[in-house]
2 protein chains.
Amino acid sequence: MKLTELVNDKKEAGLLTSKFLTIDHEKQQRILNAAIKEFAQKGYANASTNEIVKEAGISKGLLFHYFKNKKELYLYLYNHFVNVLKNEFFGEINLQDRDIFVRLKAVTMLKSQLIKKHPDVFNFMMSAYQESSVEVKSELDQRHRELLQTSYGTVFDNIDTEKFKKDIDITRAINIISWTLEGFSNQAMERERLAKHSQADFTYDFSEADVYIEQLKVLFYK
Amino acid sequence: MKLTELVNDKKEAGLLTSKFLTIDHEKQQRILNAAIKEFAQKGYANASTNEIVKEAGISKGLLFHYFKNKKELYLYLYNHFVNVLKNEFFGEINLQDRDIFVRLKAVTMLKSQLIKKHPDVFNFMMSAYQESSVEVKSELDQRHRELLQTSYGTVFDNIDTEKFKKDIDITRAINIISWTLEGFSNQAMERERLAKHSQADFTYDFSEADVYIEQLKVLFYK
DNA sequence: TCCCAACTGACCAAACTGGTCAATAATTTT
DNA sequence: AAAATTATTGACCAGTTTGGTCAGTTGGGA
């Protein structure tokens with residue numbers, strides 16, 4: 001998954017950022033990554049463009065050659081990574097399979113991988129969701145609803161409800177399943193963060209997640 | 001629950017903050033609340049003492065009359081609120097009842113109330129847990145382990161395992177129950193945050209939480 | 001050679017930083 | 001009432017950082 005590298009929707013450019021899109025690809029990445037990292041850590045208002053250019057290894061002038069000001073940079077980043085997630089992330093979910101466990105496991109694993117491989121992208125999107133700066137807040141809201149609809153909307157769409165025992169409240173059951181998988185992956189990642197053994201022994205997590213899934217199937221399925 | 005107001009453990013004062021403890025109680029609260037809010041929002045390094053004194057309605061000099069510098073203020077806050085939580089929050093949990101549902105429901109509701117009534121206290125503790133500033137990080141670690149032990153240690157201690165069906169893996173079942181209640185309360189609070197109807201219709205949340213608990217009991221208990 | 005874009009970094013005024021301290025106000029002690 | 005003590009102020013400090021500019025250098029294509 002070459003996340004952050006594939007999307008090239010020219011529409012997202014507008015006219016103002018067109019210069020940025022023509023430059024060397026690797027330099028683009030350096031700038032994008034430096035910027036989301038800084039914005040994620042400090043929020044819009046407290047993020048420093050000086051830090052961004054230092055981290056990206058470019059001059060101050062160049063950044064403002066590509067983006068006319070801080071606000072335009074921020075909004076470009078937001079739109080860009082919303083597109084990235086929509087295409088590279090949620091596009092991966094197999095909607096053929098109508099089994100809720102298959103879908104949720106896929107989502108959970110994708111999310112874990114995202115956090116692990118591209119923590120800055122994840123943190124940036126989360127912090128953008130919480131962003132309180134009046135300067136940019138209003139512009140974000142619509143795109144956010146859009147993203148949530150694309151994602152959670154499709155995951156729970158057209159689930160096979162016939163598999164559940166007949167006395168089970170399906171909505172609540174799905175919630176329990178979701179929260180269990182979410183809680184499990186949070187725990188797994190926190191455990192790894194503390195232990196710092198960053199050798200990705202995904203294998204254990206995968207199989208342990210399956211134990212929970214099997215248990216939940218016994219509980220909820222016919 | 002007069003959280004933040006009751007603890008008066010003189011030991012936490014040391015000699016350095018003794019002045020602060022003698023002043024008017026309401027002013028103490030103003031300063032404490034202003035400080036944790038700022039630290040929670042921006043982290044140790046980026047928090048501004050100017051903002052704190054402005055919010056607290058005191059002069060710059062006075063803050064540094066009570067605390068010799070920013071670091072001492074931060075560490076005092078941390079210790080103070082660890083004590084507050086240990087005494088006012090975890091002290092509320094009834095350890096007589098050995099039923100996991102009773103305990104976890106109590107913890108979940110307590111946590112919800114904390115977030116609702118004292119969001120800054122909660123955010124401050126969370127941000128302190130993530131704090132990365134080398135200046136204060138090391139001092140926090142021990143107290144944190146202490147707090148986690150006091151809290152999660154006792155909640156899961158001496159649970160009545162006889163109530164579970166005999167083919168159930170109890171550790172995993174408890175995890176599922178915990179994650180469900182956590183997920184539920186997160187969802188409830190997010191729903192409320194978006195709707196902004198801050199009339200606390202706790203009643204709905206309480207009864208809806210009970211529905212989940214009853215469902216889980218059917219699944220896991222004999 | 002010229003030309004134009006990419007690119008640099010010194011520079012700007014303004015804001016802000018944690019912290020100090022002499023002066024004033026309020027309270028207590030004599 | 002005077003004196004002594006304590007609480008409180010906010011102007012001030014030197015230093016850093018802010019978002020943004022712009023005159024000028026570089027490098028590649030014609």
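Read the figures in this text as sums done on the coordinates, not as results from a lab. Please read all numbers here as calculations on a predicted model, not as lab measurements. Here Cβ is always computed from backbone atoms with ideal geometry, including for glycine, and neighbour counts include all displayed protein chains.
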Sorted shortest first, the nm distances from the A:His144 label point (7 Å along Cα→Cβ) to its counterparts in the other copies are 2.7
The lysines whose Cα lies under 17 Å from the Cα of A:Lys68, excluding any fewer than 8 residues away in the same chain, are A:Lys19, A:Lys60
With Rh as the Kirkwood radius over Cα pairs, segment A:43-99 has Rg/Rh of 1.21
Rg/Rh over Cα atoms for segment A:71-220, Kirkwood Rh, comes to 1.01
Under the rule rounded for a/c under 1.5, else prolate if a/b exceeds b/c, else oblate, using alpha carbon gyration tensor axes a ≥ b ≥ c, segment B:160-222 is classed as prolate
In nm, the gap between the two label points placed 7 Å beyond Cα toward Cβ at A:Thr161 and B:Lys27 is 6.3 nm
FRET efficiency (B:Asp169, A:His65; Cβ distance; R0 51 Å; to 0.05) is 0.30
Around A:Ile213 (Cβ within 14 Å, Cβ-to-Cβ, excluding A:Ile213; K/R +1, D/E -1) the net charge comes to -3
Checked against a 29 Å limit on the C-alpha separation, the offending pairs among B:Lys42/B:Lys111; A:Lys54/A:Lys137; A:Lys222/B:Lys111; A:Lys196/B:Lys42; A:Lys105/B:Lys165 are A:Lys222/B:Lys111
Here the Cα Rg-to-2.2 N^0.38 Å ratio for the protein assembly as shown is 1.09
In debye to the nearest 20, the charge dipole size for segment B:26-185, taken about the Cα centre with +1 at each Lys and Arg Cβ and -1 at each Asp and Glu Cβ, equals 360 debye
If each K or R counts +1 and each D or E counts -1, the residues other than B:Lys111 whose Cβ falls under 12 Å of its Cβ total +1
Over chain A, the sum of -39500 (n - 2.57) across DSSP H runs of at least four, divided by residue number and rounded to 500 deg cm²/dmol, gives at 222 nm -21500 deg cm²/dmol
